[in-house]
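Take a look at the structure below.
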Amino acid sequence: MAEKETYEALPAGSSLEELIEAERVNLMQVQGMARVLYDVLLYSDDDDGTMHADVAKVIARLIEESVDALEKIVRRFKAGEFSPPPNKAPGDADSGSSK
C-alpha cells in the first residue's frame, strides 16, 4: 500500500505569490553560486576542472529554467488563469490555515 504524501503547512498570512517569490529568490541565489563555481572550476589547475565546470554550468541553466517557470506561474496566477481547487467554491478566500 502506498504511503499518503504529506506536506508541510504553509506559513499563515502568506499569499501564493509571496511563497513563489521567496522560492524564486532562493533559486536565484543558488544559480549565482553555481555560476561562480563554474568560473572557479573552469580556470582551476585541476585536470578535471573543465568537466566539473560544465556540470556547474548545467546546474545554473536548470535553475534558471525553474526561475523562469515560476515567473510564468505567477503571471498566469495574476491573470486569473488558475481555477480554484475542486473542493473550494469560487468565492472562498484561501487563508493558508488548515480546518
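Data for the structure
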read-out	value
Per-region count, the stretch 12-62, residues hydroxyl-bearing (Ser, Thr, Tyr) and under 27 Å from residue 77 (Cα atoms)	2
Criterion (touching a residue at least 60 places away in the same chain (Cβ under 8 Å) and charged (D, E, K, R)) met by exactly one of 23, 17	17
Complete set of residues in the stretch 14-53 that are polar (S, T, N, Q) and under 25 Å from residue 70 (Cβ atoms)	14, 15, 26, 29, 31
The stretch 39-79, subset among the hydroxyl-bearing types (Ser, Thr, Tyr) and in a helix (DSSP H, G or I), residue farthest from residue 24 (Cα to Cα)	50
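Rule-based calculations on the coordinates, nothing more; no lab input. Since the structure is predicted, the reported quantities are computational estimates derived from the model, not experimental observations. Cβ sites come from the backbone with ideal geometry, for glycine too, and all protein chains shown count toward neighbours.
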